[in-house]
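Notes for the one structure printed next.
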Amino acid sequence: MHAFANPARFLRLARWLLPVLLVPGLVMSLGAVAWGVAYAPPDHLMGVTVKILYIHVPCVWLGMAGWSTIAISSIVELVWRHPLAAIAARAAAVPGAVFTALGLITGSIWGRPTWGAWWVWDGRLTSFLILLFLYFGYIALADAAQRDASGGNAARIPAIFGLVGAINIPIINRSVVWWNSLHQPPSITMGKSAIDGTYLWPLLIAALGFSLIFGAVVIARMRMLLADIQTEARLRRKALG
Amino acid sequence: MTAAILKPKHQRLVLVCVALVALIGAALLAVYALRGQASYFYIPSEMATRPPEQGKGVRLGGMVEKGSLKTMPDGVTIHFTVTDGKAEVPVRFTGITPDLFVEGSGVVADGRMEGTTFVADTLLAKHDEKYVPREMKDMVSTRSRQAVAKTR
């Protein structure tokens with residue numbers, strides 16, 4: 001893995017990987033969402049409202065996957081001091097926060113006709129809102145650590161925050177099982193699905209497509225952050241020399 | 001003793017693992033302490049064992065019992081029974097119900113106990129985890145009935 005510690009090598013790979021992720025990601029997500037909007041049959045209880053499933057579910061999955069990326073990168077940063085780990089975590093934070101916000105917005109829009117309320121303070125919704133606030137905190141902290149030019153240890157503060165914040169992910173996942181909540185229990189569990197096949201396959205394709213877009217955004221942001229670091233180093237050398 | 005022969009990388013790995021175990025332990029304790037308090041509503045059997053104070057605002061959740069839904073002569077007041085399979089609570093509500101509110105489906109009522117009746121101010125419909133197209137509803141109705149019976 002340390003073969004990619006060389007930024008030049010990583011950048012060569014990233015340049016090639018970006019379109020490979022982005023193009024199929026866009027095709028799959030747009031295709032699955034378009035199918036959902038145009039052809040998905042109405043649900044026996046919810047009617048056409050069920051169609052928001054194809055945006056809501058991939059968004060909330062990626063909101064949680066985004067923080068999982070931060071947590072794993074944080075461990076790699078703390079233990080192995082991999083030079084790209086902190087950059088990967090910072091790169092995943094912004095798209096993660098965007099998908100979390102989209103998940104909350106689409107969920108709210110779905111909740112009004114289905115439950116009869118835009119928002120309720122049940123376990124699932126509250127823990128997911130906390131995830132959004134954790135993202136805001138992480139982005140601000142990572143930004144501040146980046147500006148701190150004293151070098152070394154400052155970069156590890158957001159990594160610790162990323163690791164501590166990860167405790168919210170299993171809480172979000174289990175909230176509907178541990179506590180009575182208005183949000184329904186998980187539909188897809190180990191090898192079983194309570195979602196009919198008609199809805200399930202496009203949903204899985206949409207989730208995969210959204211994930212590929214997420215991966216492409218993370219790689220694009222990593223390139224941007226690396227370019228930022230390079231520019232800053234060059235400016236500093238110029239100022240000194 | 002062992003720390004002396006561990007490489008710094010492995011020391012950090014051990015440290016992160018210990019920190020993670022402590023973190024998960026703390027979270028589990030917190031979640032355990034929150035049990036019953038972080039729930040969004042009470043189910044009828046909980047109301048039966050620990051009845052809430054008269055007039056105190058609580059939420060009641062469960063299934064609308066089949067055949068229990070009655071509309072009063074004024075046209076906007078409804079009476080129905082909320083059940084979890086073990087206990088039942090009669091509910092009175094005046095107002096417009098959400099679209100998904102039907103007999104046999106889940107409901108969360110916000111209100112208070114008045115005598116033995118639960119007077120609801122708002123009704124929220126609870127959706128279950130199943131997504132089934134309209135045309136296929138009958139094919140799976142036996143399956144969904146079993147699921148309803150299992151749902152508290």
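The values are calculated or read from the model by the stated rules, or taken from the named source; none is laboratory data. Just so we're clear, the structure is a prediction, and the values are computed from it rather than from any experiment. A quick note on method: Cβ atoms are made from the backbone with ideal geometry, for glycine too, and the neighbour counts reach across all protein chains shown.
Tabulated results
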{"quantity": "Close pairs (7 angstrom Cβ cut-off, 6 or more residues apart or separate chains): at the interface with another protein chain (Cβ under 7 Å from one of its Cβ atoms) and among the hydrophobic types (A, V, I, L, M, F, W, C) in segment A:179-197, in a strand (DSSP E or B) and surrounded by fewer than 19 Cβ atoms within 10 Å (Cβ to Cβ) anywhere", "calculated": "A:ILE195/A:ILE188"}
{"quantity": "Those residues of segment B:10-42 which are of a type in the set (Gly, Ala, Ser) and either assigned to a helix (DSSP H, G or I) or within 7 Å of chain A (Cβ to nearest Cβ) (or both), in sequence order", "calculated": "B:ALA19, B:ALA22, B:GLY25, B:ALA26, B:ALA27, B:ALA30, B:ALA33, B:ALA38, B:SER39"}
{"quantity": "Residue match in segment A:23-46 (condition: surrounded by 22 or more Cβ atoms within 10 Å (Cβ to Cβ), assigned to a helix (DSSP H, G or I) and of a type in the set (S, T, N, Q))", "calculated": "yes"}
{"quantity": "Residue, surrounded by the most Cβ atoms within 10 Å (Cβ to Cβ), within segment B:84-98, restricted to residues that are more than 14 Å from chain A (Cβ to nearest Cβ) and in contact with a helix residue (DSSP H, G or I) (Cβ under 6 Å, 6 or more places away or on another chain)", "calculated": "B:VAL89"}
{"quantity": "Filter pass, A:PRO42 being farther than 22 Å from A:PHE210 by Cβ and within 11 Å of another protein chain (Cβ to nearest Cβ)", "calculated": "yes"}
{"quantity": "Residue, surrounded by the fewest Cβ atoms within 10 Å (Cβ to Cβ), within segment A:75-129, restricted to residues that are among the charged types (D, E, K, R) and within 14 Å of chain B (Cβ to nearest Cβ)", "calculated": "A:ARG112"}
{"quantity": "Only one of B:LEU34, B:LEU60, B:LEU29 that is under 24 Å from A:ARG124 (Cβ atoms), at pLDDT 85 or above and not assigned by TED's automatic domain parsing to the domain that holds B:LEU123", "calculated": "B:LEU29"}
{"quantity": "Residue within segment B:43-50 that is within 17 Å of B:ALA125 (Cβ to Cβ), out of contact with any helix residue (DSSP H, G or I) (no Cβ under 7 Å at 6 or more places or on another chain) and in a loop (DSSP other than H, G, I, E, B) present", "calculated": "yes"}
